[in-house]
């Protein structure tokens, strides 16, 4: 059993060809990845404008700090990563 804490991470600045496996492999070095969601926003012609993702990970605080130190603002597969704890969504708050 892993002794970390569940965190939901926002990962911005992803390259448009990134896969769930890519993110699982990259972040799996720091904790136990349970779920990956990739979102691509397209322009009116269908061309990708912005790709970002959310990762659910079981990770210790020290490994989270190490993850951010190593990966945040690093260049990877056509993008520059931006990593932070995901913010609670408006819809989630409205049902509490």
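Figures for the structure shown
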{"item": "Unique residue being buried (at least 17 other Cβ atoms within 10 Å of the Cβ), touching a helix residue (DSSP H, G or I) at 6+ places or on another chain (Cβ under 6 Å) and in contact (Cβ under 8 Å) with a residue 40 or more places away in the chain when the list is 18, 55, 59", "result": "55"}
{"item": "The lone exception for residue 64 - which of (1) in a helix (DSSP H, G or I); (2) touching a helix residue (DSSP H, G or I) at 6+ places or on another chain (Cβ under 8 Å) it fails", "result": "(2)"}
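Only the coordinates and a few stated rules stand behind these numbers; no lab work does. Just so it is clear, the structure is predicted and the values come from calculations on it, not from any experiment. Glycine also receives a Cβ, built like all others from the backbone with ideal geometry; neighbour counts cover every protein chain displayed.
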